[in-house]
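Here's the structure we're looking at; comments come further down.
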Amino acid sequence: MTQRVFTSAAVVLLATALASCAQAPSATPLGTSTPIATPHAAVTATATAAPVQQASDQVVGTIVRFTSDRTSVDVTIGEDSPVVRDFLSMLPLELDVEEFAGAEKIAYLPRELNHEGSPGSDPENGDLIYYTSWGNLGFYYDATGIGYSDATLHLGTYTATEEQLSLLEGSPVTIDIVD
């Protein structure tokens, strides 16, 4: 009987040691399921964030066109970030563009973009940004004196002049991805 108790205790001790030595699950892309080993059952953990796009869904270099009845302005997406992906997921979209502070043309989005984990920026002329504090897009054409801000998130760049941007004002602007 002592031998059986000793053997049972050794088996329990060995099982406990093996379970504690098991490697933690490796990091997986958000939105995927990973089985997690437990002593009693297999449990599946699922991240709640938006699914990661496939490699074929290239974000950087995507062209987004802003079109009014008088002109169009193309923006080239410059980075892959949560705010950029959320912005692209909203398209097509129709917004009104207006002048703001002699420095940019702005348009308010219908909802706040998911920007958690997106880096701030130091905007320059020719940048399209998302301003988290107000939930608007901004075409900077005079970024003089504008410095780095965690609330100013870079979406892309454009080459239009201030005059071309002014032609976006006064009528609805359609925003869509160029194929």
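Nothing in this text is a laboratory measurement; each read-out follows from the coordinates by a stated rule. All values reported here derive from a predicted model rather than from experimental measurement. Glycine gets a Cβ as well: all are built from the backbone with ideal geometry, and neighbour counts include every protein chain shown.
Structure summary
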read-out	value
Stokes-Einstein D (µm²/s) once Rh is taken as the Kirkwood radius of region 115-154 over alpha-carbon pairs, at 4 °C in 1.567 mPa s	129
Stokes-Einstein translational diffusion, region 63-177 - Kirkwood Rh over all Cα pairs, 0.890 mPa s, 25 °C, in µm²/s	178
Ascending count of other beta-carbon atoms within 10 Å, so fewest first, for I146, I129, I63	I63, I146, I129
